[in-house]
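Derivation of every value follows stated rules applied to the coordinates shown; laboratory data play no part. Keep in mind it's a predicted model, so treat the numbers as computed, not measured. When we count neighbours, we look across all protein chains shown, and the Cβ atoms used for this are built from the backbone with ideal geometry, even at glycine.
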Amino acid sequence: MTAHAAEPAPVISPMPERNPKALRAAIAQYASQFLPDFDEHWKWAVADTYDISTVPAFMALWWGEYAIARDPKLDAHMADLRHRAAESTDIAEAKALLEEASHIQYEARRLEPGH
């Protein structure tokens, strides 16, 4: 009987400093599929309006998106929850699935830099 080598756990990039420039750099490096949306959102929510009061909401949204996207297992789990909720014919089940996804998103937004 041969022992199977355990698959190494994927390396999850640390959370960047909590500012738009650092978050954008982390997204560009580790979750580049989000970069066009990040830049477009920044442009219409902040840059085009010169309204810095929108930065906290912008950061909360993208901080959570990046926190989930940087972890392939968590990202896949979130996609599965959303898919199962969309396909469910049981309203209570769909609600429970979406509540779990919402809880994960909330917790992701609470991560600190370096985690």
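Say we look at region 68-115 and pick out the residues that are in contact (Cβ under 8 Å) with a residue 12 or more places away in the chain and among the β-branched types (Val, Ile, Thr); which of these is nearest to LYS21 (Cα to Cα)? Per the criteria, the residue is ILE68. If you check GLN33, GLN29 for being surrounded by 12 or more Cβ atoms within 10 Å (Cβ to Cβ) and part of a helix (DSSP H, G or I), only one passes: GLN29.
Name the residue that is nearest to ALA76 (Cα to Cα), counting only residues in region 87-115 that are in a helix (DSSP H, G or I) and of a type in the set (Asp, Glu). That would be GLU100.
Please verify whether region 51-66 includes one or more residues that are of a type in the set (Asp, Glu), in a helix (DSSP H, G or I) and on the phi < 0 side of the Ramachandran plot.
yes
The residues of region 80-112 that are among the aliphatic types (A, V, I, L, M) and closer than 30 Å to PRO14 by Cα, listed by number, are LEU81, ALA85, ALA96, LEU97, LEU98, ALA101, ILE104, ALA108, LEU111. Is there any pair with a first residue in region 40-53 that is free of Cβ contacts under 8 Å to residues at least 40 places away in the same chain and exposed (fewer than 11 other Cβ atoms within 10 Å of the Cβ) and a second that is aliphatic (A, V, I, L, M) and assigned to a helix (DSSP H, G or I) whose Cβ atoms are under 9 Å apart and which are 6 or more apart or on different chains, and what are they? Here the result reads ASP51/ALA45; ILE52/VAL46, each pair linking region 40-53 to a residue that is aliphatic (A, V, I, L, M) and assigned to a helix (DSSP H, G or I).
Which ones in region 61-115 are small (Gly, Ala, Ser), within 23 Å of TYR30 (Cα to Cα) and surrounded by 14 or more Cβ atoms within 10 Å (Cβ to Cβ)? Within region 61-115, GLY64, ALA67, ALA69, ALA101, ALA108 meet the criteria.
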